[in-house]
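The values are calculated or read from the model by the stated rules, or taken from the named source; none is laboratory data. These numbers come from a predicted model, not from an experiment. Note: ideal-geometry Cβ built from the backbone for every residue, glycine included; neighbour counts use all protein chains shown.
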Amino acid sequence: MKKLFLLAVLFAFSTVVMAQDVITEGVITTKQTLKSDDENMQAQLAMMGDIVSTTYFKDTKSRVEVSNPMSGDVTVVSDSKTMKTLTYMDNPMLGKKFMLTDLEVPNTDTNSMKIEKGTGTKTVLGYECKEVILTYKENGNELKMILYTTDKIAPILNQQTMQYGGDIGGLPLYSEATVYQGEMKMTIITEVTEIKDEEIEDTKFSLTPPEGYTKMEGM
């Protein structure tokens with residue numbers, strides 16, 4: 001269950017882009033809502049509220065910033081040219097920590113994953129998006145994602161899209177991911193709410209950990 005949930009969240013946050021014939025650099029704002037049919041889990045998710053992330057992108061580089069009361073401030077900087085990712089966080093429990101890792105193909109059993117084109121369409125921010133359905137099963141549990149993607153903006157290479165991003169036909173501007181474990185269901189709704197075409201300073205994509213952050217042990 002935990003692995004499937006993380007896979008759904010990571011994929012949802014992988015809406016980092018490199019635009020083709022539209023914009024070459026800019027800022028994307030994404031809203032993510034988590035829901036569960038389990039009362040205790042839903043109460044915790046309601047306290048957390050919607051998760052809003054800001055993504056800066058430029059050529060092969062991206063920077064995702066997320067902040068909420070439970071996880072604190074989390075920043076992920078990726079460069080698909082050097083194949084490096086810097087993650088640093090200011091967590092209420094762990095303090096200021098960072099991890100510098102290599103971009104690698106995730107160890108996911110592709111035989112358990114199925115990607116197929118749907119028949120639905122959805123217009124998001126003026127982009128006509130086509131439906132793609134992804135399912136992944138593990139130990140009797142299941143992750144199902146319905147994505148609406150545009151081929152006008154292509155996903156940049158990152159930890160998640162290295163595995164199957166090229167098979168979904170572009171950038172998801174809206175997705176609904178449902179994780180099933182027995183009778184319990186959790187749904188993650190992710191929607192790009194704004195795309196801005198503007199110049200981004202190169203300093204945003206530095207892979208040098210900020211001052212005051214210490215390396216996370218074991219990473």
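Look at region 54-78 and say how many of its residues are under 15 Å from Gln32 (Cβ atoms) and part of a strand (DSSP E or B). Selection size over region 54-78: 9.
Quick grid of which residues meet (1) at pLDDT 75 or above; (2) aromatic (Phe, Trp, Tyr); (3) under 23 Å from Leu34 (Cα atoms); (4) crowded, with 16+ Cβ neighbours inside 10 Å:
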site	(1), (2), (3), (4)
Thr101	yes, no, no, no
Asn107	no, no, no, no
Thr110	no, no, no, no
Lys137	yes, no, yes, yes
Asn141	yes, no, yes, yes
Ala154	no, no, no, yes
Tyr174	yes, yes, yes, yes
Val179	yes, no, yes, yes
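Restricting attention to region 79-87, does a residue exist that is within 18 Å of Leu173 (Cα to Cα) and either touching a strand residue (DSSP E or B) at 6+ places or on another chain (Cβ under 8 Å) or assigned to a strand (DSSP E or B) (or both)? No, there is no match, as no residue in region 79-87 is within 18 Å of Leu173 (Cα to Cα) and either touching a strand residue (DSSP E or B) at 6+ places or on another chain (Cβ under 8 Å) or assigned to a strand (DSSP E or B) (or both). Collect the residues in region 173-219 that are in a loop (DSSP other than H, G, I, E, B), farther than 22 Å from Asp79 by Cβ and among the small types (Gly, Ala, Ser), keeping them in residue-number order. Within region 173-219, Gly182, Gly212, Gly218 qualify. Scanning region 188-219 for residues that are under 17 Å from the mean Cα position of the chain (by Cα), over 27 Å from Lys81 (Cβ atoms) and surrounded by fewer than 16 Cβ atoms within 10 Å (Cβ to Cβ) returns a single hit, Thr193. Can you work out which of the residues in region 17-44 that are touching a strand residue (DSSP E or B) at 6+ places or on another chain (Cβ under 8 Å) and assigned to a loop (DSSP other than H, G, I, E, B) is modelled with the highest pLDDT? Checked region 17-44; the qualifying residue modelled with the highest pLDDT is Asp37. The condition of being touching a residue at least 40 places away in the same chain (Cβ under 8 Å), part of a strand (DSSP E or B), aliphatic (A, V, I, L, M) and surrounded by 13 or more Cβ atoms within 10 Å (Cβ to Cβ) holds for only one of Ile115, Ile146, that being Ile115.
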